[in-house]
1. Just to be sure I understand: with springs between alpha-carbon atoms less than 10 Å apart, which residue in A121, A186, A93 has the highest mean-square fluctuation in the Gaussian network model of the chain?
2. Given the options C191, A48, A121, identify the residue whose Cα lies farthest towards the positive end of the charge dipole of the chain (+1 on Cβ of Lys, Arg; -1 on Cβ of Asp, Glu).
3. Based on C-alpha coordinates, I'd like the Rg and Dmax of the stretch 1-71, in Å.
4. Looking only at GluC sites (Glu not before Pro) in DSSP loops with at most 15 other Cβ atoms within 10 Å, what is the longest site-free stretch of the chain?
5. From the mean inverse distance of alpha carbon pairs (Kirkwood) and the Cα radius of gyration, derive Rg over Rh for the stretch 4-123.
6. Mind telling me which of L41, L14, L104 comes out most flexible in a GNM of the chain, alpha-carbon contacts under 10 Å?
7. Using only the alpha-carbon atoms, how far is helix 59-69 inclined from the longest principal axis of the chain? Give it as 0 to 90 degrees, nearest 10.
8. State to the nearest 20 debye the size of the charge dipole of the chain about its Cα centre, where the only charges are +1 on K and R beta carbons and -1 on D and E beta carbons.
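Here, each number is a calculation from the coordinates, and none is a lab measurement. Everything numeric in this text was worked out from a predicted model, so none of it was measured. Neighbour counts run over all protein chains shown; Cβ positions are idealised from the backbone, glycine included.
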Amino acid sequence: MACAGSLIKGEEILCTECLVELPKTNFHKQSDNPLFERLSLRIPLRHAFALYHFKKGGRVQELLHELKYKNHPEIGQKLGAVYGTELLSSGYAQVFDMIVPVPLHPNRQRSRGYNQSTEFAKGLSQVLNIPYTENFVKRSVQTTTQTRKSRLNRWRNVSEVFQMMNEDEIKGKHVLLVDDVVTTGATLEACSTALMQSGCSCISVACMAVA
C-alpha cells in the first residue's frame, strides 16, 4: 500500500522493505522529542509520539492517502499494531488507561465509512491490551479541511468543535489521544482541552505521522 510493490507470502498490507525503510521518528525513545516540544507549550502532555515522518510525495503520504480516501481501514489497524509493538517493547505496556481517537464529524464519517484514527486506535488497543473508545468525544461542527490553512486559521477552525460525553467515566484517567497526521497540533489541542475540562487527569498523544 505504500510502494505499490508486490507482497510475498507472509506479508500483509506493508512489505518488509517498507516496514524497514519508512521514516520512523523513534520519538517514543526520546521524552523531550520535537513533537513533545511543539505540543507541550499548549497541552499539558505526559508523552507525545508519532510513528513516521510525513513528507510530501513520500511513501508515508501515499500510505495515508490510501487509508483516508481509498477505503483501506486495514492500513490504520496495521500501523496501530506496528506502533503498539514498538511502544510495548519500550516499556509503555501499563502506562495508559484508555485510547481515544480524535473524532470525525458524523457526516464525514458516513461518507468515508470509518474514522481513520479509530482504526489506528484499534491496532494500538489490540497490541497494548488497553481499551479504546469513541464514546467520550464528539465532533459537533463539521470543519473545512486543514490542509492549506495557516496556523491561526487551523486553530479557529477547530477551537470549539469538540463536545464531551460520559464525563464521569473519564475523570482521573490517563488518556492516549490518537490522530492521523499532526502538523500545527490545533486539532489535538482543541480535543485535549475538552478532555482536560472534563476531569481527565493526564493526556498523551500518538499519531501515525508528523509533518
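1. Residue with maximal mean-square fluctuation among A121, A186, A93: A93.
2. The residue sitting most towards the positive pole is C191.
3. Spelled out, the Cα radius of gyration and Dmax of the stretch 1-71 are 14.9, 46 Å.
4. 12-159
5. Working: Rg = 15.3 Å, Rh = 15.8 Å.
Using Cα coordinates only, the ratio equals 0.97.
6. In this elastic network of the chain, the residue with the biggest mean-square fluctuation among L41, L14, L104 is L41.
7. The answer is roughly 60 degrees.
8. Value, rounded to 20: 740 debye.
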